[in-house]
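The values are calculated or read from the model by the stated rules, or taken from the named source; none is laboratory data. The model shown is predicted, which means the values in this text are computed figures rather than measured ones. Reconstructed Cβ throughout: ideal geometry from the backbone, glycine too, with neighbour counts over all protein chains shown.
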Amino acid sequence: MSDIEGKPCILCCAITGSLPRKADNLAVPISIAEQVESSLAAVEAGASIIHAHVRNEDETPSSDPDKFARLKEELRRHCPDVVIQFSTGGRSGADQERGGMLSLRPDMASLSVGSNNFPNRVYENPPALVDWLASEMRTYGVTPEVEAFDLSHILQAITMHKAGFLYGLLYIQFVMGVKNAMPADKTVFDFYVQQMHERAPNAEWCAAGIGAQQIVVNEWAIAAGGHTRAGLEDNVRLDKNTKAPSNAALIARAAALCEVYERPVATPQQTREILGLCEA
Ligand SMILES: [Zn+2]
């Protein structure tokens, strides 16, 4: 335990996503102004990475690079050192549209390296698209956060990183609890962590749980020495009967767990050091 206690824990806030709507929870930030306000409160609560999608005015997902550019500019202005991570996830557009904002040089971008099922569809990540997104990230100096919905994605990311295809430090997020993909299962989680230690000892990892599993996976990750993600993209509730009042409230819950496990919450500066990112 001694190498885990005292290790700063990076909290990532997934502020918007492409699915939750105001009808699910009024606190889901949709406009750029709402996204910036929600992000600032989350940073106050302990978030040092903002994971962002952008939306159209009618709340549908967008992949418009102009919107990403405005969001980046506004976040930088209000919160100069926070780590900005854009989603290249598959709901916002087709094929190469998904990476159209990488030339904006965000600090990080999410990257899926394999396909799997989602609640109502196949999440398609064909090898040629994965390779193209990874090469764009190398071109623009964007560190990927690999989204692992399955064990094969973890092993594939390790292989790609060893071959020099992934820019920067290897950072893998275990996503657990997506319907029809890997459930939030503690035995599997422990195996994921063990695989990281054995196969990629210099990498860092984080974990996210969906819906009611968010707080469960937050605790597993914090206790096991990893980093973790919270926010309205993954979960709009504090419990079965209570909607989360804000992104900040979900980050505060994770920050409270860090205290329980005697792990300081990483500042944006510490997060940049741990993940080998440049200064903002
Ligand atoms: Zn996302």
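With in a helix (DSSP H, G or I), within 16 Å of the ligand (Cβ to nearest atom) and surrounded by 24 or more Cβ atoms within 10 Å (Cβ to Cβ) as the only criterion, which of Leu71, Leu75 stands out?
Exactly one of Leu71, Leu75 is in a helix (DSSP H, G or I), within 16 Å of the ligand (Cβ to nearest atom) and surrounded by 24 or more Cβ atoms within 10 Å (Cβ to Cβ), namely Leu71.
Name the residue, out of Ala45, Ala23, Ala41, that is more than 14 Å from Asn247 (Cα to Cα), out of contact with any Phe, Trp or Tyr (no Cβ under 8 Å at 6 or more places or on another chain), more than 13 Å from the ligand (Cβ to nearest atom) and of a type in the set (Gly, Ala, Ser).
Ala23
When you check Ala266 against the structure, is it touching a Pro at 6+ places or on another chain (Cβ under 7 Å) and within 30 Å of Cys79 (Cα to Cα), yes or no?
yes
Take the stretch 236-280 and flag every residue that is of a type in the set (Val, Ile, Thr) and within 18 Å of Ala27 (Cα to Cα).
Those that are of a type in the set (Val, Ile, Thr) and within 18 Å of Ala27 (Cα to Cα): Val236, Thr242, Ile251.
If you go through the stretch 188-205 one residue at a time, do you hit one that is under 16 Å from the mean Cα position of the chain (by Cα), buried (at least 24 other Cβ atoms within 10 Å of the Cβ) and at pLDDT 95 or above?
Yes.
Looking only at the stretch 39-79, count every residue that is among the polar types (S, T, N, Q) and over 26 Å from Glu97 (Cα atoms) and tell me the total.
Count: 1.
Considering only residues that are among the hydroxyl-bearing types (Ser, Thr, Tyr) and surrounded by 24 or more Cβ atoms within 10 Å (Cβ to Cβ), look in the stretch 80-130 and name the one that is nearest to the ligand (Cβ to nearest atom).
Among residues in the stretch 80-130 that are among the hydroxyl-bearing types (Ser, Thr, Tyr) and surrounded by 24 or more Cβ atoms within 10 Å (Cβ to Cβ), the one nearest to the ligand (Cβ to nearest atom) is Ser87.
Please work out which residue is nearest to Val178 (Cα to Cα), limiting yourself to the stretch 220-250 and to residues that are surrounded by fewer than 18 Cβ atoms within 10 Å (Cβ to Cβ) and among the charged types (D, E, K, R).
Restricting to residues being surrounded by fewer than 18 Cβ atoms within 10 Å (Cβ to Cβ) and among the charged types (D, E, K, R), the top hit is Arg237.
Would you please name the residue that is farthest from Glu147 (Cα to Cα), looking only at residues in the stretch 1-20 that are part of a loop (DSSP other than H, G, I, E, B) and within 15 Å of the ligand (Cβ to nearest atom)?
If we take residues in the stretch 1-20 being part of a loop (DSSP other than H, G, I, E, B) and within 15 Å of the ligand (Cβ to nearest atom), then Pro20 is farthest from Glu147 (Cα to Cα).
Give the stretch 214-252 a look and list any residue that's part of a helix (DSSP H, G or I) and either touching a strand residue (DSSP E or B) at 6+ places or on another chain (Cβ under 6 Å) or within 16 Å of the ligand (Cβ to nearest atom) (or both), or say none.
Result: Gln214, Val216, Val217, Asn218, Ala221, Ile222, Asn247, Leu250, Ile251.
Looking at this structure, is Ala134 crowded, with 16+ Cβ neighbours inside 10 Å, under 17 Å from the mean Cα position of the chain (by Cα), of a type in the set (Gly, Ala, Ser) and farther than 15 Å from Ala14 by Cα?
yes
Please tell me if Phe165 is within 15 Å of the ligand (Cβ to nearest atom), touching a residue at least 12 places away in the same chain (Cβ under 8 Å), of a type outside the set (Val, Ile, Thr) and out of contact with any Cys (no Cβ under 6 Å at 6 or more places or on another chain).
Criteria not met by Phe165.
Pairs under 7 Å by beta carbon, first residue within 19 Å of Ile49 (Cβ to Cβ) and outside any loop (DSSP other than H, G, I, E, B) in the stretch 101-125, partner of a type in the set (Phe, Trp, Tyr) and modelled with pLDDT of 95 or more, six or more apart or different chains?
Leu102/Tyr140; Leu104/Phe68; Ala109/Phe86
Would you check which residues across the stretch 48-65 are within 13 Å of the ligand (Cβ to nearest atom) and outside any strand (DSSP E or B) and list them?
His53, Ser63
Here is a yes/no grid of residues against (1) away from the ligand (no atom under 16 Å from the Cβ); (2) not charged (D, E, K, R):
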residue: Glu136; (1), (2): yes, no
residue: Glu147; (1), (2): no, no
residue: Asp150; (1), (2): yes, no
residue: Leu170; (1), (2): yes, yes
residue: Val175; (1), (2): no, yes
residue: Ala184; (1), (2): yes, yes
residue: Thr187; (1), (2): yes, yes
residue: Asp190; (1), (2): yes, no
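Any residue at all in the stretch 187-205 that is small (Gly, Ala, Ser) and in a helix (DSSP H, G or I)?
Among the residues of the stretch 187-205, not one is small (Gly, Ala, Ser) and in a helix (DSSP H, G or I), which makes the answer no.
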